[in-house]
Amino acid sequence: MSWKLKNLLLSLLPVLLALLFTTAILLAVGASPWEAYRNILEGAFESPEKIADVVAACVPLILCGVGMSITFTAGQWNVGVEGQIILGAVFATWVARSLPWPRVPVLTTMLLAGMLGGALWGVLAGLLKVYGKVHEIFGGLGLNYVAQGLAIWLIFNPWKPADGATMSGTDPFPDPAWMPRLGHLRVAPLAVVLALLAVVVAYFLLRGARWGLELKAMGKNFRSAFLLGVPSTPRLLTAFAACGGLAGLAGAIRCSARYGRMIPEISGGQGYLSLLVALLAAYRPQWVPLIALFFAAVGVGSPRLELNMHLDSSLGGVLEASVVLAVIIVAGWRALLARRRAVVDLVAAQEKEAA
Amino acid sequence: MSTVWERIGARGDVSARRARTYGLIFLGVGLLIFLLFARGATADQATTFVLTPSGESQALPVPDLSVPSLTVLYGFALVCVFVGGWQLARGFRRVNLALGGVAVLFVLAFLTWAARDRSMNLTGLLSSALLRSVPIALAGLSGVLCERCAVINIAIEGMMLTGAFIAALMGSVAANIWEWPSWAALLFGLASALAAGALLGLLLAVLAVRFKVDQIIAGTAINILAVGITSFLSARILAEFQYLNNPGIFPRFSIPLLSKIPIIGPVFFEQNGLVYALFVLLIVTHVMLFYTRWGLRTRAVGEHPRAADTLGINVFRTRYINVTLGGMVAGLGGAFLVLGSVGRFDELMTAGKGFIGLAAMIFGKWMPFGAFGAALIFGFADALQTKLAILEVPIASQFLLMAPYLVTMVVLAGVVGEAVPPAADGQPYEKQ
């Protein structure tokens, strides 16, 4: 078997394993796996409207996935993305509610404000890490809860609609604050363009720019990067700011293009999903859109299971998580084999030398 | 290179700076009590604390404590200011104790203010705080077991959720299909939850120890898988067959004598068996970790696996055992949510308790009792928040829910000395 073919098969192996696992669960509860997969695929791709939904669902995943690739490159576990999305949405909502401007200036300000909000929240996690020595995982998680509380408070107090506050959110934004959509489709072309732009910019920044290379050096070995003169604190904070800015942009886009208002669940678990997206993309921005497409398709397609088969749509989550788990198991297993081979080769070489 | 030396050189006055920070915090708390609470009370108001639980109880009755709100608040504020001044001028030898005292004063001041002109059942509040802190403490204990041997277990949330689901399902199957007596069904549900936790722990151990996968990736994947599977299966099975989601609850029983102690008795010694199991586990883990060979080996593997290996300790086996045990404790935490408090499984019922447990572990400096103490604080904030809704306190409940996280982060951010994790935490071990 040629080397390329073997590699291709090995990279398809996790997907097969994940499908096997999900199939086993479906069989165990007495549902037809074939029907289930067909329903998910149809639910995601059967009509132009559905495809547009998938593309729209990709946008926040791509933005946050790219952002996380940046912090991952610097060796940071930025799990605060959920909160950064919320803060972006909060800032954007504030702009939409208080500035009665025409479309172009108000949308521009909203997106910039969203980026600012997310970046501030990201930098806060970074500051806690650098100056407070709070591990970024715990800082991020804590800030997520704080952001969630803040959003709910805003919706239930200063921003509550005239007829009483509910979990369905604020009043809809005035018309200029809605991001224009493509005809009757639920996708905003501007959002897609921004997401792809983020991929391209992050790709070149991480690949060729001094900033990206310094982040890489910090990710590989923080201490030696510091000793070799990488200004680690500013680099770390800018990485958090970049990731937070992208997540905040995603939050602004979600409330402007998708809901047209601020809702309590504006982040909707996108932060945690995009963590998986970034993992599967191996922290390379150029792979993020492809992986995001898979997650978005499963997410858009699986509600169909409830309509047609009375299966809970969380099966989509099972499928996504088992793909991730299978990928890391296969990767770990291959690494183990490689280490064993290296040891065998070493012993053989030593024996040869001795002989 | 000079920056490194500057930093090392600058370390000398860190403790002085920290002492000053403490003093300022104490003064600030005194000022806050004055500004937030004392100014909101009037001279004729009184606060009543009820010290006997409202339901059935064996505790010796204690008369209610009624105090003039304003006087008490001024008193608390003055004590805090005095403590702060003393800290700035002379310094306390055991400053963390002073910090704890000031924190307790702040909470008491808050309660005095919130319940002015009303009465508040303090025992009931503490009892509900303990119940809410049990799953957090178990999650923290699970974290301690894993991280002491240098495996980061971020999958506690998923293990708890799975444990809760399995406990509900298997307990119900035993009780309602096989028609076992209720104690046997409850124990069977508990044992199944422990087994499920152990299996997930083993999975994490295989990924982290054998395959040397990044532990946080492995944990996150396990979490999301657990969320997906339990939501899917509970919608498919538990929602359709209600009798499969009705395992019953462990009954409360009082411990003789101890439960008669006023206040402490009803809070700690009139609970159900799983709460006592937590107390036993805390003591056992503490003794095991710090006074047995197994504990010494575990800590050695966590601090310096290479040295441990050189001395003949099997690093891999130690990690496998500890992470599996940690999974079991997390499974117990999940079982408590179902069999010890609610009596049924709900989707996503752990609601972040696994993560809060990890925060409690750090807050408690990787010590079993430290994690328990931190868990009590989180549980208290949670209980307080529901209580205040009844008292109609003009504070949005969202802010009270946020408060524990804010406090954790402020505390983690170096106020209580630096929390130092085991030296090899999170690093896979490569045998040479």
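The values are calculated or read from the model by the stated rules, or taken from the named source; none is laboratory data. This structure is a prediction, so every number in the text was calculated from the model and none was measured. Note that each Cβ is placed from the backbone with ideal geometry, even for glycine, and that neighbours are counted across all protein chains shown.
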Q) Right, B:Tyr291: more than 20 Å from B:Ala375 (Cβ to Cβ), surrounded by fewer than 23 Cβ atoms within 10 Å (Cβ to Cβ) and touching a residue at least 24 places away in the same chain (Cβ under 8 Å) or not? A) no
Q: Look through B:Gly55, B:Gly23, B:Gly91 and report the one residue that is without any contact (Cβ under 8 Å) to a residue 12 or more places away in the chain and not basic (Lys, Arg).
A: B:Gly55
Q | Enumeration of residues in the range A:147-191 that are of a type in the set (Val, Ile, Thr) and within 13 Å of A:Pro264 (Cα to Cα) | A | A:Ile152, A:Ile155, A:Thr166, A:Thr170
**Q.** A:Leu279, sole failed condition from (1) at the interface with another protein chain (Cβ under 8 Å from one of its Cβ atoms); (2) outside any helix (DSSP H, G or I)
**A.** (2)
Q: Scan the range A:38-53 residue by residue and report those that are in contact (Cβ under 8 Å) with a residue 60 or more places away in the chain and not charged (D, E, K, R).
A: A:Asn39, A:Ile40, A:Leu41, A:Gly43, A:Ala44, A:Phe45, A:Pro48, A:Ala52
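For every residue, the table says whether it meets (1) more than 7 Å from chain A (Cβ to nearest Cβ); (2) over 24 Å from B:Glu179 (Cα atoms); (3) not in a helix (DSSP H, G or I).
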| residue | (1), (2), (3) |
| --- | --- |
| B:Gly197 | yes, yes, no |
| B:Ala221 | no, yes, no |
| B:Ile224 | no, yes, no |
| B:Val227 | no, yes, no |
| B:Glu240 | yes, no, yes |
| B:Pro247 | yes, no, yes |
Q. Do you know which of the residues in the range A:130-178 that are more than 13 Å from chain B (Cβ to nearest Cβ) and of a type in the set (Asp, Glu) is surrounded by the most Cβ atoms within 10 Å (Cβ to Cβ)?
A. A:Asp171
**Q.** Which numbered condition B:Thr230 misses (of (1) closer than 22 Å to A:Ala281 by Cα; (2) surrounded by 23 or more Cβ atoms within 10 Å (Cβ to Cβ); (3) in contact (Cβ under 8 Å) with a residue 40 or more places away in the chain; (4) more than 22 Å from the chain's Cα centre (by Cα))
**A.** (1)
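Would you mind listing the helices (runs of 4 or more DSSP H) fully within the range A:282-355 where at least 3 residues are farther than 29 Å from B:Glu240 by Cα and within 11 Å of chain B (Cβ to nearest Cβ)?
Details: elements: A:288-301, A:303-309, A:315-354.
Helices (runs of 4 or more DSSP H) meeting the threshold: A:315-354.
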**Q.** Hits in the range B:84-116 (condition: of a type in the set (Gly, Ala, Ser), buried (at least 21 other Cβ atoms within 10 Å of the Cβ) and not in a helix (DSSP H, G or I))
**A.** B:Ala115
Q: Could you look through the range B:249-269, keep only residues that are part of a loop (DSSP other than H, G, I, E, B) and surrounded by 13 or more Cβ atoms within 10 Å (Cβ to Cβ), and pick out the one that is nearest to the other protein chains (Cβ to nearest Cβ)?
A: B:Ile249
(Q) Quick check on my filter: what residues within the range B:353-363 are over 9 Å from the mean Cα position of the chain (by Cα) and within 14 Å of B:Val420 (Cα to Cα)? (A) B:Ile362, B:Phe363
Q. Would a scan of the range B:41-64 turn up a residue that is surrounded by 18 or more Cβ atoms within 10 Å (Cβ to Cβ) and either assigned to a helix (DSSP H, G or I) or assigned by TED's automatic domain parsing to the domain that holds B:Ser254 (or both)?
A. no
Q.
Test of understanding: among A:Ala96, A:Ala119, A:Ala125, A:Ala113, which residue is under 30 Å from B:Leu358 (Cβ atoms), more than 13 Å from chain B (Cβ to nearest Cβ) and in a helix (DSSP H, G or I)?
A. A:Ala119
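Which members of the range A:1-30 meet the condition of being more than 27 Å from the chain's Cα centre (by Cα) and either farther than 24 Å from B:Ile224 by Cα or in a helix (DSSP H, G or I) (or both)? Break it down into steps so the answer makes sense when it comes.
In the first step, residues of the range A:1-30 are kept if they are more than 27 Å from the chain's Cα centre (by Cα); the result is A:1-6, A:24, A:26-30.
A:Met1, A:Ser2, A:Trp3, A:Lys4, A:Leu5, A:Lys6, A:Ala24, A:Leu26, A:Leu27, A:Ala28 - these are the residues of the range A:1-30 that are more than 27 Å from the chain's Cα centre (by Cα) and either farther than 24 Å from B:Ile224 by Cα or in a helix (DSSP H, G or I) (or both).
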Q.
Under 9 Å between Cβ atoms, which residue pairs at least 6 apart in sequence (or on different chains) link something in the range B:144-169 that is more than 22 Å from B:Gly228 (Cα to Cα) with a partner that is among the β-branched types (Val, Ile, Thr) and in a loop (DSSP other than H, G, I, E, B)?
A. B:Cys146/B:Ile152
Q | The listed residue being assigned to a loop (DSSP other than H, G, I, E, B) and in the same structural domain as B:Ile249 (by TED's automatic domain parsing), out of B:Asn153, B:Asn176 | A | B:Asn153
Q | Contacts under 7 angstrom Cβ, first residue in the range B:351-367 being within 10 Å of chain A (Cβ to nearest Cβ), partner in a loop (DSSP other than H, G, I, E, B) and surrounded by fewer than 24 Cβ atoms within 10 Å (Cβ to Cβ), 6 or more apart | A | B:Ile362/B:Ala419
Q: Would you mind stating whether B:Gly333 is closer than 28 Å to B:Ala114 by Cβ, in the same structural domain as B:Gln271 (by TED's automatic domain parsing) and surrounded by 21 or more Cβ atoms within 10 Å (Cβ to Cβ)?
A: no
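Pick from A:Gln76, A:Gln84: which is of a type in the set (S, T, N, Q) and over 19 Å from B:Ile362 (Cβ atoms)?
Working: A:Gln76 fails: over 19 Å from B:Ile362 (Cβ atoms).
The conditions single out A:Gln84.
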(Q) Among (1) modelled with pLDDT of 85 or more; (2) farther than 28 Å from A:Gly317 by Cβ, there is one condition B:Gln385 misses while meeting the rest; what is its number? (A) (1)
Q) Do we find that B:Gly331 is more than 27 Å from B:Leu244 (Cα to Cα), under 18 Å from the mean Cα position of the chain (by Cα) and among the small types (Gly, Ala, Ser) in this structure? A) no
